[in-house]
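The values are calculated or read from the model by the stated rules, or taken from the named source; none is laboratory data. All of these numbers come straight from a predicted model, not from anything done at the bench. Backbone-built Cβ (ideal geometry, glycine too); neighbour counts: all protein chains shown. Heads up: the accessible areas ignore ligands, DNA and RNA and are worked out on the full protein's heavy atoms, side chains in. Shrake-Rupley method; radii C 1.70, N 1.55, O 1.52, S 1.80 Å.
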Amino acid sequence: MATDTTKRRLARTLREMMATTALEHITISALTKKAGVTRNTFYYHFEDIYSLLAWIYEQEIIVQMAKYAQITEWQKALRMLLDYIDDNRSFCVASFNSVGRDLLEQLLATVAESLVHRVVVDADSNLPKPLTDDICNFYGLAIVAQIIQCS
């Protein structure tokens with residue numbers, strides 16, 4: 001089975017299981033059995049359930065938003081993120097309310113800061129690094145706070 005296909009199968013299975021079971025109660029044994037793969041296959045691709053969850057968000061959000069992270073397109077990237085959260089509300093809330101809450105907050109912070117960084121660099125690539133970092137940190141955390149408040 002191809003690597004990408006296996007990862008997607010595990011991701012799809014985790015999403016299905018999270019619809020009825022809290023993330024912290026999903027075992028790798030139950031996940032792999034339902035996905036029809038071995039535990040070794042799971043561990044070949046992921047360190048644990050949380051790394052699978054992070055991979056899902058990376059594929060479904062970060063990769064998709066990257067093409068819009070420019071000064072003229074940043075609104076599309078933010079809208080994409082908000083639409084994703086709205087369209088996948090139960091999955092996001094289940095992630096947020098699980099033991100993986102910190103993971104989701106860190107992921108959102110990474111996404112938001114990356115988006116802001118690309119926009120800032122696109123707007124003025126000559127800004128001093130400390131100022132760029134401060135702007136990215138401030139606006140990145142503000143975006144995350146708004147997203148969490150809406151969840």
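In nm, to one decimal, how far is the modelled label at Asp83 from the one at Gln64, with both set 7 Å along Cα→Cβ?
0.8
Using only alpha carbon pairs under 8 Å that are at least six residues apart, calculate the relative contact order of the chain and give it in whole percent.
23
For Lys129, what accessible area in Å² do you get when you roll a 1.4 Å probe over the heavy atoms of the protein chains, rounding to the nearest 10?
Per-residue accessible area (Lys129): approximately 140 Å².
Please work out whether segment 40-91 counts as rounded, prolate or oblate from its C-alpha gyration tensor, where a ≥ b ≥ c are the square roots of the eigenvalues and a/c under 1.5 means rounded, while otherwise a/b larger than b/c means prolate and anything else oblate?
oblate
Within the accessible area of the chain, what % is carbon and sulfur when the probe is 1.4 Å and the other protein chains stay in place?
Percent of accessible area from carbon and sulfur atoms in the chain: 53.
Where nothing but the Cβ of Lys and Arg (+1) and of Asp and Glu (-1) is charged, how large is the charge dipole of segment 63-130 around its Cα centre, in debye to the nearest 20?
That gives a dipole near 60 debye.
Listed highest first by mean packing, meaning other Cβ atoms within 10 Å per residue, what order do 111-120, 68-77 come in?
111-120, 68-77
Taking the Cα centre as origin and putting +1 on Lys and Arg beta-carbons and -1 on Asp and Glu beta-carbons, what dipole magnitude results for the chain, to the nearest 20 debye?
680
Once the other residues with Cβ under 13 Å from the Cβ of Ile135 are scored (Lys, Arg +1; Asp, Glu -1), what is the net sum?
Counting the neighbours of Ile135, the net charge comes to -3.
If I require 30 Å or longer along the helix axis, counting alpha carbons, and a Kyte-Doolittle average no lower than -0.5, what helices from the chain are left? Use full DSSP H segments.
101-123, 129-150
Starting from the Cα of Arg39, step 7 Å along the direction of its Cβ; do the same at Arg101; then give the gap between the two resulting points in nm.
A separation of 3.0 nm, rounded to one decimal place.
Would you mind working out the accessible area per residue for the chain, using a 1.4 Å probe, and quoting it in Å²?
57
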